[in-house]
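Accompanying notes for the structure given below.
Where a number appears in this text, it was derived from the coordinates with a stated rule and is not lab data. Since we're looking at a predicted model, the values are computed, not measured. All Cβ positions, even for glycine, are placed from backbone atoms using ideal geometry, and neighbour counts span all protein chains on display.
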């Protein structure tokens, strides 16, 4: 399974780009893959083709009316492991003995 974190931002649309980010989140949410939105990006969990397809569709949608886009992608592959969006956080919380703000 892949845990992929990415952010995609148009550079030609001014300071506030939430309307463009919202379109990407609509694609991500509709994908059915587990995900977690953060203030600086989104984490998605799934198989390689699934997560890369989501990133591709977000890019294609954004490039329809954005002429310059920056994208940052970070991936972690671990064979045979799923549920890592919650599992990785739970593991750290267990070691600390308390819940964290997530």
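Values for this structure:
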| read-out | value |
| --- | --- |
| Of 44, 89, 27, the one that fluctuates the most in a GNM where the chain has Cα springs shorter than 10 Å | 89 |
| The chain: most fluctuating residue of 80, 46, 32 per GNM, C-alpha cutoff 10 Å | 80 |
| Rounded to 10°, Cα long-axis angle of helix 84-96 versus longest principal axis of the chain | 50 |
| Acute angle (nearest 10 degrees) that the helix 18-30 long axis makes with the longest principal axis of the chain, alpha-carbon atoms | 50 |
| Directionally averaged shadow of the stretch 2-54, computed from the convex hull of its alpha-carbon atoms, nm² | 3.6 |
| Cα-projected label distance for residue 40 with residue 64, points at 7 Å along beta-carbon direction, nm | 3.0 |
| Cα long-axis angle, helix 48-62 against the chain (0 to 90 degrees, to the nearest 10) | 30 |
| Helical mean residue ellipticity (222 nm; -39500 (n - 2.57) per DSSP H run of 4+; nearest 500) of the chain | -13000 deg cm²/dmol |
| The chain, relative contact order [Cα under 8 Å, separation at least 6], % | 42 |
| Residue of 43, 66, 58 that the Gaussian network model of the chain assigns the largest fluctuation, springs spanning Cα pairs under 10 Å | 66 |
